[in-house]
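Following: one structure in structure tokens, then a few remarks.
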Amino acid sequence: MSSSFQIFTLLLILSGSILSCRSNKTASASKATSFDSEICIEPETKYTELGLIKPSLTLATRLSDSLQKPILINFFAHWCVPCREMEKNVISNAEIQSQLNNFIYWNLNGETQQGANIRALYNIVSYPNYVIVNSNGIEILRKEGIVSIDNFAAFLTEGYELFKVKNEKP
């Protein structure tokens, strides 16, 4: 791990911007999306708009590059009933939670200014919408709408494998 990333991480810990993420698998959908923007890099680490370091595409891509993990952007809206159903019935599933550890997981409210900008960048026209991107912000794969646990697990597996293939060093 590079010394600059270690210093960056230490500063975040000291600033108090690192909080628990995805730790309560039975949390209600409203709690799961209580922030408008939240980046999770592992089950116990997240960056929110309330922290010193704000979630952004730049932060996500830098984390992706440092940690060699793809980014999964979950575009949602607080008013979106299908989004809450996906959180409650699919995202909270133990198998899915385990797979999410392979990703920089970014919950992004597409109705905020930041969300609208990122939504336009990836041409998102509906919710829920899940986009897997690499450390350059280039889309690898996407999944739209409500899907089953098995379908979402297959999507995550395929996206992770595509990321690994495209990021292999010669």
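Residues in region 67-106 average 36 Å² of solvent-accessible surface per residue, probe 1.4 Å, ligands and nucleic acids excluded. Taking all protein chains as they are arranged and a probe of 1.4 Å, the heavy atoms of L162 leave approximately 60 Å² accessible to solvent. Rolling a 1.4 Å probe over the protein heavy atoms of region 65-152, with every protein chain left in place, gives an accessible area that is 48 percent carbon and sulfur.
Specify whether the C-alpha gyration tensor of region 109-170 places it in the rounded, prolate or oblate class, a ≥ b ≥ c being the square roots of the eigenvalues: rounded for a/c under 1.5, otherwise prolate if a/b is larger than b/c and oblate if not. Oblate, since a/c reaches 1.5 and b/c is not below a/b.
The values are calculated or read from the model by the stated rules, or taken from the named source; none is laboratory data. This structure is a prediction, so every number in the text was calculated from the model and none was measured. What goes into the accessible areas is simple: the full protein's heavy atoms, side chains included, and nothing from ligands, DNA or RNA. Shrake-Rupley method; radii C 1.70, N 1.55, O 1.52, S 1.80 Å.
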